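Working notes, structure below.
The values are calculated or read from the model by the stated rules, or taken from the named source; none is laboratory data. Bear in mind that the values here come from a model prediction, so they are computed numbers and not experimental data. Every residue, glycine among them, receives a Cβ derived from its backbone with ideal geometry; neighbour counts consider all protein chains shown. To get the accessible areas, we keep the full protein, side chains included, count just its heavy atoms, and leave off ligands, DNA and RNA. Shrake-Rupley method; radii C 1.70, N 1.55, O 1.52, S 1.80 Å.
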Amino acid sequence: MPPPIETAGRRIKRYHVTTDPAGIEPEIEAAAYAMLPRLLPEPDGTPPATFAVLHRAGDGSAYLCAYSWVWDNVLHFRAAAAGQPVLGCPDRDATNFVVTERPWIGCVWELPPILHERDAWVRHLLASDVPDLDAYMTDCLPGGTTGDRT
């Protein structure tokens with residue numbers, strides 16, 4: 001799992017989904033994270049944390065799903081896609097990300113972090129005597145593939 005980053009005043013945990021053992025190509029990663037600020041909500045007093053799932057699909061397309069904590073315990077979702085004309089992408093270029101407007105929250109391979117992140121948010125920010133954003137940021141889903149999570 002790549003290390004967290006800060007973007008637009010938010011701390012971002014990053015998960016990558018790909019079948020390629022070499023990982024996601026650097027140019028796709030750079031293009032996706034350049035798009036990330038457009039997917040983030042305005043601050044609302046909730047600790048500014050997001051987890052992002054970058055998925056390099058087998059058909060050559062790429063997807064960036066951004067799940068941001070708002071209103072203390074609610075997930076805000078926005079996504080961008082590249083190289084998938086069905087989702088409004090202008091071409092098959094996996095670095096040309098566009099914001100998607102469909103109400104989909106992610107494919108089956110992108111969803112495993114949601115349960116972990118929900119539990120980590122409750123553990124470190126809602127159920128803790130002292131909310132601890134730093135502890136939340138280090139509490140990540142163990143590495144491995146997303147297809148074998150049960």
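Key figures
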| quantity | calculated |
| --- | --- |
| Rounded percent of accessible protein surface that carbon and sulfur make up, the chain, 1.4 Å probe | 57 percent |
| Surface accessible to a 1.4 Å probe, per residue, for the residues of the range 22-115, Å² | 48 Å² |
| Among 109-116, 49-56, 16-23, the order from most to least packed when residues are scored by Cβ within 10 Å on average | 49-56, 109-116, 16-23 |
| For the chain, built as a Gaussian network whose Cα springs stay under 10 Å, the top-fluctuating residue of A120, A62, A30 | A30 |
| Of C89, C107, C140, the one that fluctuates the most in a GNM where the chain has Cα springs shorter than 10 Å | C107 |
| For the chain, calculated [θ]222 nm from helices alone, where every DSSP H run of n ≥ 4 adds -39500 (n - 2.57) | -5000 deg cm²/dmol |
| C-alpha long axis of helix 26-35 to longest principal axis of the chain, angle in ° | 60 degrees |
| q = 0.08, 0.15, 0.20 Å⁻¹, the chain: log10 I(q)/I(0) [Debye, one scatterer per Cα] | -0.21, -0.74, -1.29 |
| Using alpha-carbon coordinates, inclination of helix 112-121 to the longest axis of the chain, degrees | 20 degrees |
| Gap separating the Cα centres of the range 29-57 and the range 66-109, nearest whole Å | 10 Å |
| Point-to-point label distance, D20-T46, nm (Cα→Cβ direction, 7 Å offset) | 3.3 nm |
